[in-house]
Amino acid sequence: MILRPLLVATLFASGTAAAADYTAVADRSTLGFASSYEGEAFEGRFPGFSAEIAFDPAAPAAARFDVAIPVGKADTGVAERDETLVGADFFASDSNPTATFVSSGARVLGGGRFATDGTLTLRGTSRPVTLEFAWTPGARPELDGTASVPRLAFDVGGGDWADTGLIPDEVAVRTHLVLQPVQ
């Protein structure tokens, strides 16, 4: 949950700075993934995701990320692959329609980059995942991030699909968020 007005007032009253609250502008933000099948690279995206971010580069320890990802909307541009991805062998979107990424705190990596260690919950399994990102300040700040997700740790593509010769275990996740202040 992102900092709310009462909590913000409490933090300011106690002398602790709070990060600003932002939400992703849906039509200008993307959350995508990249992998390969039998050596053929493909990319996909998750339309309809939501992201609430509390971040101030001057106080990264106060950061909070709350992202909801509708895995049943996975889109690679190939209908047969998309049906397989949202099915029981991969995202199991009928029983687990939403994945989440939640984190608290960030650290400075240098060179204008940061990292937040969070928890990704996918297919009912929760595991730590680190999101590295660059922050571009402004009236509508932008966040460009990357993460590596070990799909087999979440039982994504298990069984016959567990062969990492067919599909690599590590899936690259990329996000570009255009953010606006929460009103």
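Here, each number is a calculation from the coordinates, and none is a lab measurement. Only a predicted model underlies this, so the values are computations on that prediction, with no experimental measurement involved. In this analysis, Cβ positions are derived from the backbone assuming ideal geometry, glycine residues included, and neighbour counts consider all displayed protein chains.
For segment 37-105, the convex hull drawn through the C-alpha positions has a volume of 119 cubic angstrom per residue.
Need one number: nm distance between label points at residue 153 and residue 98, each 7 Å from Cα along Cα→Cβ, rounded to one decimal. In this crude label model, residue 153 to residue 98 measures out at 2.3 nm. For residue 37 and residue 73, the difference between the fully extended length at 0.36 nm per residue and the C-alpha to C-alpha distance is 11.0 nm. For the pair residue 169 and residue 50, a Förster radius of 25 Å applied to the C-beta separation gives a FRET efficiency near 0.35, rounded to the nearest 0.05. Taking 111, 87, 157 in turn, the Gaussian network model of the chain (Cα-Cα springs below 10 Å) assigns the largest fluctuation to 111.
Taken along its three principal axes, the alpha carbon spread of segment 104-183 comes to 48, 29, 20 Å, from the longest extent down to the shortest.
Within segment 128-144, list the residues whose amide N lies under 19 Å from a label point set 7 Å along Cα→Cβ of residue 58. Flagged as within label range: 135-142. Under Stokes-Einstein, with the Kirkwood radius over Cα pairs as Rh, the value for the chain at 25 °C and 0.890 mPa s is 142 µm²/s.
Run the Debye formula on the Cα coordinates of segment 82-129, all scatterers equal and no solvent, and tell me log10 I(q)/I(0) at q = 0.20, 0.25 1/Å. For segment 82-129 at q = 0.20, 0.25 Å⁻¹, log10 I(q)/I(0) is -0.70, -0.85. For segment 101-149, what class follows from the C-alpha gyration tensor (a ≥ b ≥ c being the square roots of its eigenvalues): rounded when a/c is under 1.5, otherwise prolate if a/b is larger than b/c, else oblate? Note, shape of segment 101-149 comes out prolate. In this Cβ point-charge picture (+1 for Lys and Arg, -1 for Asp and Glu), the chain has a dipole of about 880 debye about its Cα centre. Among 137, 47, 150, the residue with the largest mean-square fluctuation in a Gaussian network model of the chain, with springs joining Cα atoms closer than 10 Å, is 137.
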